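Remarks on the structure that follows.
The values are calculated or read from the model by the stated rules, or taken from the named source; none is laboratory data. Being a predicted model, the structure only gives us computed values, none of them experimental. Methodologically, a virtual Cβ is constructed for each residue, glycine included, from the backbone with ideal geometry; neighbour enumeration extends over all protein chains shown. When the accessible area is computed, the model is the full protein with side chains, heavy atoms only, and any ligands, DNA or RNA have been set aside. Shrake-Rupley method; radii C 1.70, N 1.55, O 1.52, S 1.80 Å.
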Amino acid sequence: YLHPKRSAYATILGKNKAPVAKFGELHPIIKDRLKFNQDVYFFEIDLDSLLSNVNYNAVLCKELPVYPEVTRDIAFKVKNDVSYQDLAKSIKKLTSPNLFNGADIFDVYQGEHVEEGYKSVAFHVYLQDKTATLTDEIVDTEINKLKDGLKKYYSSISFRE
């Protein structure tokens with residue numbers, strides 16, 4: 001009874017991928033037979049299936065941060081064979097665990113102004129202290145420690161300012 005191109009099914013993922021709802025536009029043939037003069041949309045929920053697949057465990061929540069996060073960008077040139085995953089793991093390992101709040105890559109460049117066999121990579125590094133506002137001095141010290149550690153891990157690395 002649903003239009004084949006304008007309908008969808010909702011499922012709960014898990015051990016049993018149980019369909020729990022279907023929705024969409026009524027099939028045009030049925031719409032014509034019922035003499036509807038406008039589009040009709042349909043939504044059906046299988047409550048038995050939905051409720052039997054719900055996990056009733058308590059949802060774990062963490063307190064929202066009180067102190068602001070600081071983002072610093074680091075950019076460097078490294079050999080092509082160094083992977084993003086290795087760099088991300090190194091950044092996490094070299095940053096103080098009580099300050100590290102994540103890192104992600106935002107730029108990779110190979111070409112003019114970057115020598116053959118190397119790539120230019122840039123990361124956002126997120127720092128946050130759960131107990132106090134970070135000062136520029138603390139953040140600068142942490143970033144310098146990170147850069148020194150990356151130089152030890154990757155002898156071919158050179159930083160861009």
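Side notes on the structure shown:
- Relative contact order computed over the chain (Cα-Cα under 8 Å; 6+ residues apart), in percent: 21
- Per residue solvent-accessible surface (Å²) - region 16-95, probe of 1.4 Å: 78
- Shown here for region 2-48: chymotrypsin sites (Phe, Trp or Tyr not before Pro) in loop regions (DSSP other than H, G, I, E, B) with at most 13 other Cβ atoms within 10 Å, namely 36.
- Trypsin sites (Lys or Arg not before Pro) restricted to region 94-161 and DSSP loop, no more than 11 other C-beta within 10 Å: 130
- Each Lys and Arg adds +1 at its Cβ and each Asp and Glu adds -1 at its Cβ; summed about the Cα centre, the chain shows a dipole of about 680 debye.
- Angle in degrees between helix 84-94 and the longest Cα principal axis of the chain, rounded to the nearest 10: 60
- GNM flexibility winner over the chain from 110, 85, 38 (Cα, springs under 10 Å): 38
- Additional length obtainable on full extension of the chain from residue 73 to residue 11, 0.36 nm per residue less Cα span: 18.3 nm
- Under conditions of 10 °C and 1.306 mPa s, the chain yields 76 µm² s⁻¹ as its translational diffusion coefficient, taking Rh as the Kirkwood radius over Cα pairs in the Stokes-Einstein equation.
- Heavy-atom accessible area order for 92, 31, largest first, 1.4 Å probe: 92, 31
- Charge-dipole axis of the chain as Lys and Arg at +1 and Asp and Glu at -1 on Cβ define it, positive-most pick from 74, 9, 159: 9
- Counting Lys and Arg as +1 and Asp and Glu as -1 over every other residue whose Cβ lies under 12 Å from the Cβ of residue 79, the net charge comes to -2.
- Magnitude of the charge dipole for region 26-72, about its Cα centre and with charges confined to Cβ atoms of Lys, Arg (+1) and Asp, Glu (-1), is about 180 debye.
- Using C-alpha pairs below 8 Å separated by at least 6 residues, the relative contact order for region 91-145 is 38 percent.
- Choice from 52, 90, 120 with maximal GNM fluctuation in the chain (Cα, 10 Å cutoff): 52
- Part-to-part distance (alpha-carbon centres) for region 80-137 and region 18-63, which is given in Å: 43
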